[in-house]
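Everything on this sheet refers to the single structure shown next.
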Amino acid sequence: MKELFVLSFLIPLIAGVILFRLDGRRADYFMLISVIIAAILNLAGVVGYYTSGMPTIHEVLFETKSFGEIYGLIIDPMSVSVGFVVITAGLLFMLYAKDYMSPKNKEHPVYEGKGRFYGWMVLFIGATLAFIYSSSILQLLIFFELMSLACWGVVSYYGGKKAERSAYKALIVTNFGAMIGLYTAVAIGITKLHNLSLFALGNLPENLKLLVFLAIMIAAFTKSAQFPLYSWLPDAMVAPTPASAFLHGAAMVEMGVYLLARAIQFMQPLPAQAFYVMAALILATQVLCVFMYPLQKDAKRLLAYSTIAESGLMYVGLAFAVLGLKTGLQASMFQLFNHAYIKGLAFLTAGTFSYAIGTLEMDKIKGLIKSLPISAYSWTFALIGLAGVPPFAVFFSKLAILTNIKGALGNPLALALLVMVLIDAAVFLMVSLSRIHSMAFSVPERDEKYSITALMKLSMILLLILGIVAPLIAYPFIIKVGW
């Protein structure tokens with residue numbers, strides 16, 4: 001069974017390198033075959049893991065006397081569920097990308113160089129999956145950096161000063177987090193624990209445990225674009241839309257949350273001071289996003305601030321986990337799972353504006369219900385779904401976060417976190433309803449029809465379905481998450 005999970009990330013890592021040498025239809029077919037095979041292998045592993053009773057499997061593949069575990073695997077409910085999200089969402093984004101990256105794209109026509117984009121994206125998928133199943137701090141560092149490199153590749157894809165500046169900003173900021181966070185954790189693992197395994201983190205004395213946790217938190221927060229190092233993510237929206245969808249829905253941002261979740265899982269119990277530092281930064285992030293929502297004119301930048309806030313909600317769950325509530329960890333992973341598909345739908349819908357209409361400026365888009373009906377409905381469902389309106393999946397994970405209110409009683413800062421969950425949802429819903437009305441159900445300025453391809457429609461419809469049924473898929477795994 002574990003071999004299936006290993007192959008599911010080895011194949012994309014190898015295929016990504018090969019894709020740089022291909023272009024045109026050869027790149028299309030090779031990319032699709034590689035990602036589909038990786039997805040089938042991963043799904044077979046998920047089914048096998050579920051039917052086996054979902055045990056925690058820890059496989060040490062390489063270790064030394066001086067450094068302990070260097071390389072290994074963790075197959076557990078957390079890694080299996082998050083890996084499922086990454087490969088299924090990644091597959092749908094790449095199906096969409098086949099037609100999106102074409103000369104017919106009105107805003108960004110692509111005539112050549114598809115293989116380079118596919119190469120970075122497939123490497124991105126492979127590195128993300130490898131990161132998820134890692135069992136040592138050194139592995140996490142290596143794949144953390146490889147994800148940052150792939151992010152640089154996709155953000156800089158279109159070229160030009162803006163794209164290059166945004167790409168280097170994303171690379172430098174996230175690498176800064178890695179240098180402060182994961183390099184510190186590796187150094188302490190080598191010098192104090194003589195073991196780089198995640199399982200060894202719980203053996204740290206309390207003062208070092210706080211230091212390592214805060215260091216990893218910095219790495220995680222930079223990856224997830226939390227305050228104060230958040231601005232790289234809205235700027236990274238110059239990337240092609242399938243890359244933006246993966247960045248926000250199933251890769252960089254969520255992997256910051258996953259990294260800190262792993263640290264919390266293996267470092268219990270944690271010093272109480274960790275909660276207060278973490279909570280203060282989460283609150284600052286949430287307040288920032290609430291004020292930024294109404295100011296956005298670009299569809300993808302609106303979604304970018306939504307992602308920053310939604311990952312902040314995942315961190316709210318983790319803040320309660322720091323206090324020792326296992327339900328906080330479970331709620332955070334539930335939010336990660338549920339958010340991925342509906343955020344992916346939102347980005348792919350924004351991509352149809354770019355592809356068919358030629359603009360992402362929301363003020364210029366009118367009357368979608370007549371000119372591009374599928375985008376009108378998917379934009380509506382995606383935005384209200386992100387706000388947490390039932391029956392969409394995010395409603396259930398936000399509710400799960402709010403059920404930690406017992407842990408907030410008597411703790412004003414913890415209570416403030418839960419209040420901000422409600423305020424964020426309310427403000428985003430108000431902004432979303434305004435945009436839905438003006439973009440989808442208004443009177444068009446011109447009587448014009450737009451179209452997108454069948455493959456793009458299929459990807460969006462499947463994401464919508466997953467955005468509703470995700471809680472049913474996730475729940476059996478999430479209730480097994482703990483320490």
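The values are calculated or read from the model by the stated rules, or taken from the named source; none is laboratory data. Nothing here was measured: the structure is a model prediction, and the numbers come from that model. No Cβ is skipped: glycine too gets one built from the backbone with ideal geometry, and neighbour counts run over all protein chains shown. For the accessible areas, the whole protein counts, side chains as well, though only heavy atoms, and no ligand, DNA or RNA atoms are used. Shrake-Rupley method; radii C 1.70, N 1.55, O 1.52, S 1.80 Å.
Couple of notes before you dig in:
- Full extension of the chain segment joining L295 with Y29 gains 91.7 nm, where the gain is 0.36 nm per residue of separation less the Cα-Cα distance.
- Taking the 1.4 Å solvent-accessible surface of region 127-231 as the whole, the part contributed by carbon and sulfur is 68%.
- Accessible solvent surface per residue of the chain, calculated while the other protein chains remain in place, 1.4 angstrom probe, Å²: 35 Å²
- Along its principal axes, region 388-480 has C-alpha extents of 59, 32, 16 angstrom, given from the largest down.
- When the trypsin sites (Lys or Arg not before Pro) in region 423-453 are filtered for DSSP coil states and for at most 12 other beta-carbon atoms within 10 Å of their beta-carbon, the remaining sites are R446, K449.
- Relative contact order, whole percent, for region 2-478 stands at 16, derived from Cα pairs under 8 Å and 6 or more residues apart.
- Kirkwood-type radius of the chain, with distances r between different C-alpha atoms, in Å: 22.2 Å
- Packing rank of 176-186, 101-111, where each peptide gets the mean count of other beta carbons within 10 Å, highest leading: 176-186, 101-111
- Based on the Stokes-Einstein relation at 4 °C and a viscosity of 1.567 mPa s, and on the Kirkwood radius from alpha carbon pairs, region 1-113 is assigned a translational diffusion coefficient of 81 µm²/s.
- In a fully extended conformation the segment linking I465 and Y377 would gain 30.4 nm over its present Cα-Cα distance, using 0.36 nm per residue.
- Entries of K104/K297; K104/K162; K209/K343; K114/K161; K364/K457 with Cα pairs more than 26 Å apart: K209/K343
- Gyration tensor verdict on region 72-191 (Cα atoms; rounded if a/c is under 1.5, prolate if a/b is larger than b/c, oblate otherwise): oblate
- Put simply, when 146-155, 249-258, 450-459 are sorted by average Cβ atoms within 10 angstrom per residue, most first, you get 249-258, 146-155, 450-459.
- Mean Kyte hydropathy of 1.6 or more with a Cα span along the axis of at least 20 Å, helices from DSSP in the chain: 2-19, 137-155, 273-292, 412-439, 454-478
- With the whole protein complex present, R301 retains an accessible surface near 70 Å², based on a 1.4 Å probe.
- Size-normalised alpha-carbon gyration radius of region 225-352, reference 2.2 N^0.38 Å: 1.06
- Neighbour net charge for M31 - beta-carbon separation under 14 angstrom, K R +1, D E -1: +3
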